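Undergrad: Below are the structure tokens for one structure; questions will follow.
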Amino acid sequence: QVRLVESGGGLVQAGGSLRLSCAASGRTSGRYAMGWFRQAPGKEREFVATISWSGNSYYGDSVKGRFTISRDNAKNTVYLEMNSLKPEDTAVYYCATRESPFATTKPGDFGSWGQGTQVTVSS
């Protein structure tokens, strides 16, 4: 069992930046991809970004050019650098991991999820 703990969420003004972190613990041996998803009230969970074990990254269209995903395999941690934040980025952000080194954008392909961290962007 892999346990994921997100941190770094908070309240920020539009145009500001935040950096989310997600630390994995437990059964973290092996090579695994990680991802970030978000869910706003009344909306479905949305793909944000994903990164393979080797560092290949992919982004959702709504965050491309503003968000950057990265990882430190030695620390079992993935990061999400969020810049030029907009009110529509307001959501609970979830970290996820899958037992495969290859990245994917589908939430159903991820087996372990964190509890989420709230990001609120004020206008």
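Undergrad: Being polar (S, T, N, Q) and over 21 Å from residue 118 (Cα atoms) narrows it down to one residue among 39, 1; which is it?
TA: The unique qualifying residue is 1.
Undergrad: Considering every residue within region 86-96, establish whether at least one is more than 15 Å from residue 120 (Cα to Cα) and either touching a strand residue (DSSP E or B) at 6+ places or on another chain (Cβ under 6 Å) or of a type in the set (Asp, Glu) (or both).
TA: Yes - at least one qualifying residue is present in region 86-96.
Undergrad: Which of the residues that make up region 62-105 are farther than 16 Å from residue 35 by Cα, acidic (Asp, Glu) and open to solvent by 50 Å² or more (accessible area, probe 1.4 Å)?
TA: Selection gives 88 alone.
Undergrad: Among (1) in a loop (DSSP other than H, G, I, E, B); (2) more than 16 Å from residue 103 (Cα to Cα), where does residue 55 come up short?
TA: Condition (2) is where residue 55 drops out.
Undergrad: Moving on. I'd like the full set of residues that are touching a Lys or Arg at 6+ places or on another chain (Cβ under 8 Å) and surrounded by fewer than 19 Cβ atoms within 10 Å (Cβ to Cβ), limited to region 40-53.
TA: Scanning region 40-53 gives 45, 46, 53.
Undergrad: Still on this structure: Give region 13-32 a look and list any residue that's part of a loop (DSSP other than H, G, I, E, B) and not β-branched (Val, Ile, Thr), or say none.
TA: Within region 13-32, 14, 15, 16, 17, 27, 29, 30, 31, 32 qualify.
Undergrad: Something else now. Does residue 5 satisfy the condition of being open to solvent by 50 Å² or more (accessible area, probe 1.4 Å), modelled with pLDDT of 95 or more and either part of a strand (DSSP E or B) or touching a Pro at 6+ places or on another chain (Cβ under 8 Å) (or both)?
TA: Numbers: open to solvent by 50 Å² or more (accessible area, probe 1.4 Å): yes; modelled with pLDDT of 95 or more: yes; either part of a strand (DSSP E or B) or touching a Pro at 6+ places or on another chain (Cβ under 8 Å) (or both): yes.
Against the criterion (open to solvent by 50 Å² or more (accessible area, probe 1.4 Å), modelled with pLDDT of 95 or more and either part of a strand (DSSP E or B) or touching a Pro at 6+ places or on another chain (Cβ under 8 Å) (or both)), residue 5 qualifies.
Undergrad: Please verify whether region 61-80 includes one or more residues that are polar (S, T, N, Q), more than 16 Å from residue 113 (Cβ to Cβ), out of contact with any helix residue (DSSP H, G or I) (no Cβ under 8 Å at 6 or more places or on another chain) and part of a loop (DSSP other than H, G, I, E, B).
TA: no
Undergrad: Yes or no: residue 104 over 17 Å from residue 20 (Cβ atoms) and either in contact with a helix residue (DSSP H, G or I) (Cβ under 7 Å, 6 or more places away or on another chain) or not basic (Lys, Arg) (or both)?
TA: Spelling it out, residue 104 is indeed over 17 Å from residue 20 (Cβ atoms) and either in contact with a helix residue (DSSP H, G or I) (Cβ under 7 Å, 6 or more places away or on another chain) or not basic (Lys, Arg) (or both).
Undergrad: Let me ask something else. Pull out all pairs, ordered by first then second residue, where Cβ-Cβ is under 6 Å, the residues are six or more apart or on different chains, the first lies in region 107-123 and is touching a residue at least 12 places away in the same chain (Cβ under 8 Å), and the second is charged (D, E, K, R) and open to solvent by less than 50 Å² (accessible area, probe 1.4 Å).
TA: These pairs meet every condition: 110/98; 111/98; 114/6; 117/6; 121/89.
The values are calculated or read from the model by the stated rules, or taken from the named source; none is laboratory data. This is a predicted model, so every value here is computed, not measured. Cβ sites come from the backbone with ideal geometry, for glycine too, and all protein chains shown count toward neighbours. For accessibility, only protein heavy atoms count, side chains too; no ligands or nucleic acids. Shrake-Rupley method; radii C 1.70, N 1.55, O 1.52, S 1.80 Å.
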